[in-house]
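Let me begin by presenting the structure, written as structure tokens, before commenting on it.
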Amino acid sequence: MFDLIPLIKAIGYLGIFIIVFAESGLFIGFFLPGDSLIFTAGFLASQGFLNIWDLIFLIFIAAVIGDNFGYAFGKKVGPMIFKREDSFLFHKDNLNKAKMFYEKYGGKAIILARFMPGIRTFAPILAGVGKMQYSKFLSFNIIGGALWGIGLPLLGYYLGNVIPNIDRYIVFIVLLIIFISVSPMIWHVVKDKATRDRILNTLLNALHTKATKYAGKLVVFNWKMNPETLESAIDMARKSDHKNIVVAPPFVFIEEIGKIIKTAKLGAQDLFYKNTNGGSFTGEISASELVNLGVKYAIIGHSERRAMGESDEIISKKIKTALDNGLIPILCVGESKKESGSMNNELSVSSKEFVRDQLEKDLFLIRNSSFSIHNSLIVAYEPIWAIGTGNNCSPEVALEMIKFIKSLSGSLAPALAKSEVGVPTAERVGIVGCRLLVLYGGSVNSKNISDFLKYKEIDGVLVGGASLDPKLFF
Ligand code: PGA
């Protein structure tokens with residue numbers, strides 16, 4: 001890095017052009033020197049090695065074309081990227097976050113990214129993936145390209161002219177530039193607890209291989225009305241605190257458990273059906289109260305609540321309220337022994353009809369909704385005869401029902417149709433992209449869990465009784 005002077009002399013204008021182009025918009029260019037390179041080139045121009053006007057023209061053009069190329073690339077490969085399975089380095093969520101980031105900060109993000117090593121390369125690509133409006137992108141690309149591609153070489157040129165023997169300090173100046181460019185990122189990490197935690201968790205997870213045991217799946221721990229004391233709840237939460245786990249404690253423990261878990265996500269076992277902040281509703285808990293406590297998921301329509309009189313109409317309102325508040329609903333559906341015709345190893349037509357009817361009623365209020373890119377809806381297939389009995393549904397029957405539920409999604413709500421298997425997420429992002437995941441629940445334990453999770457169509461499981469002894473699962 002400190003041999004930039006001979007490097008620039010060797011590569012000349014063409015080399016500078018190629019490097020700036022590559023680091024602006026090619027995936028592979030993210031490690032190339034940026035700020036330091038163009039600053040030093042400006043300095044060399046002050047010493048007569050390069051012409052400053054040719055130099056800034058060339059850097060500006062390379063920077064703008066590079067970003068444009070990155071944008072076009074992102075727009076083209078976006079759908080393919082979205083089709084990829086999540087992996088250690090790749091998460092669809094990150095792309096969605098990038099899109100949200102752009103929606104929030106717009107062009108400012110493109111300009112700021114110019115000055116941030118690494119981000120500089122990915123920013124235009126993600127703007128393309130997120131389909132940022134091109135005219136908006138182009139104008140900010142040009143402003144950012146000018147500030148960076150003209151500003152920094154001119155600074156080097158100016159300092160080279162006014163400070164005698166600046167070549168003696170060039171290393172320090174370059175270091176200072178690198179420090180200034182990365183400082184916004186460092187500041188973000190220091191200031192933002194969520195970012196700090198994410199970095200820490202990534203490191204911890206990398207050390208703790210078991211943490212990724214349920215990679216790509218969702219395991220929901222429904223504690224029901226357990227345990228008796230906060231102390232035991234904290235102990236259970238600590239043992240459940242792994243990736244891909246949702247812990248749903250009783251309401252009374254939610255706040256404390258939220259402070260304990262760092263990797264797992266927080267779920268609620270129910271919520272009030274009206275979308276209202278506060279009000280005269282004795283004994284109820286609103287969606288916004290849950291959100292304020294860090295709850296991300298809400299179990300809705302559990303058969304134990306239906307048995308206490310909760311109607312499909314109320315459940316439908318709860319689903320809508322959850323979605324409207326940014327909570328991910330986990331809608332429980334499932335037939336009793338009667339509909340299943342006692343044929344536990346063969347899915348009966350009446351079971352399917354029963355589940356279809358429940359889904360139609362429970363999703364009634366959202367059937368014409370459109371959703372933001374962050375919405376997900378989870379359905380848990382929980383045959384009542386399998387809940388809490390130790391008599392789980394056979395994984396093959398669960399699989400068949402789950403495939404059936406997924407096949408219904410289009411007729412239940414068009415927004416869900418967009419999320420059917422095989423439809424690239426990119427096509428649903430920003431339109432009506434509601435992700436549908438379907439889990440199985442009913443006497444799942446640490447021994448039989450993998451029999452369900454081995455099927456790619458089964459997106460996860462909902463565990464009741466067995467979740468009270470979480471250590472068996474890890
Ligand atoms: P179970 O409960 O695992 O104890 O059968 C599942 C559920 O109620 O969601």
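All of the numbers you see were taken from the coordinates with simple rules; none came from a lab. What you see is a predicted model, and the numbers here were worked out from it, not measured in a lab. We place every Cβ from the backbone using ideal geometry, glycine too, and count neighbours over all the protein chains shown.
Can you classify segment 210-473 as rounded, prolate or oblate using the Cα gyration tensor, where a ≥ b ≥ c are the square roots of its eigenvalues, rounded means a/c under 1.5, and otherwise it's prolate if a/b beats b/c and oblate if not? It is rounded, given that a/c, with a ≥ b ≥ c, falls under 1.5. For G441, the residues 5 or more places off, or on other chains, whose built amide H falls under 5 Å of its own are Y381, E382, L462.
Estimated at 0.36 nm per residue, the fully extended path between V252 and L176 surpasses their Cα-Cα distance by 22.2 nm. In order along segment 168-176, the phi-based Karplus estimate (6.51 cos²θ - 1.76 cosθ + 1.60, θ = phi - 60°) of 3J(HN,Hα) comes to 5, 9, 4, 4, 5, 5, 4, 4, 4 Hz; Gly and Pro are listed as x.
Of the residues M116, M80, M132, the one with the fewest other Cβ atoms within 10 Å heads the list, and the complete ranking is M80, M116, M132. Taking packing as the residue-averaged number of other Cβ atoms within 10 angstrom, the listed peptides 47-57, 451-461 run from highest to lowest as 451-461, 47-57.
In order along segment 464-474, the phi-based Karplus estimate (6.51 cos²θ - 1.76 cosθ + 1.60, θ = phi - 60°) of 3J(HN,Hα) comes to x, x, 5, 6, 6, 10, x, 4, 5, 8, 10 Hz; Gly and Pro are listed as x.
Checked against a 31 Å cut-off, the cross-linked pairs K76/K262; K265/K403; K217/K318; K213/K361; K131/K213 give Cα-Cα distances beyond that limit for K76/K262; K213/K361; K131/K213.
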